[in-house]
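The values are calculated or read from the model by the stated rules, or taken from the named source; none is laboratory data. Keep in mind the model is a prediction, meaning the values are calculated, not measured. Cβ coordinates were reconstructed from backbone atoms using ideal geometry, including for glycine residues, and neighbour counts include every protein chain displayed. We work out accessible area using only protein heavy atoms, side chains counted, and drop any ligands, DNA or RNA first. Shrake-Rupley method; radii C 1.70, N 1.55, O 1.52, S 1.80 Å.
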Amino acid sequence: MNESGGAGLARAAAAPRAAPPPFEMLVSAHGTAVLRVCRAMVGVVDADDVWQETFLAALRTYPTAQKVVNWQAWLVTIARNKSLDHLRRTARVPEPMETAGDGPLEGGDVVVHAVEAGETAAAVWAALARLPQRQREAVVYHHLVGLPYAEVAALLGNSEAAARRAASDAMAALRALLGGDGKGHGKD
């Protein structure tokens, strides 16, 4: 019985896997999302450095990352870890950024549109910096990067329900900090 199970695992391990995409394609496809994570975690001043550290670390482990299923989640995890390392080293709170991230953001929420608009981006990033870390990460990973709650939960090390709650609480806090949008999302 053990031999057949072991033989099945050996066959599965020997089965050809699809080749990973070229690393340059990963940078092009997911660089903006990683930059948003870095900006939300460490602030605009240090985000570029952490972004570079993220992709250098990813490039170092890329040859052995053959079993990665979701490349964006893999890169966001590395960005999160590099951001936390940076925050531990510098013990600083994120600073508001002057402009919105590169490229358009998707979603219909007032907070996402405020970031996209640019003129209120500094206020949004300042409000994000005031949130507790788990809430900030949950809202960035789900609403700005677009990861599903299951992957947000894996990044945060909690359940999907806890990730949803953290993102919901964060969005409510952001709406309150930004004054609501008058469409029933915030308190009047």
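For the stretch 119-165, report the accessible area per residue in Å² (1.4 Å probe, heavy atoms, rounded to an integer). Present the calculation step by step, with values, prior to reporting the outcome.
Numbers: 2040 Å² over 47 residues.
I get 43 Å² per residue for the stretch 119-165.
Which of the peptides 74-85, 126-137 is most tightly packed, and how do the rest follow, going by the mean number of other Cβ atoms within 10 Å of each residue?
Result, highest mean first: 74-85, 126-137.
Taking the highest mean first, how do the peptides 164-170, 39-45 order by number of other beta carbon atoms within 10 angstrom per residue?
Highest mean packing first, the order is 39-45, 164-170.
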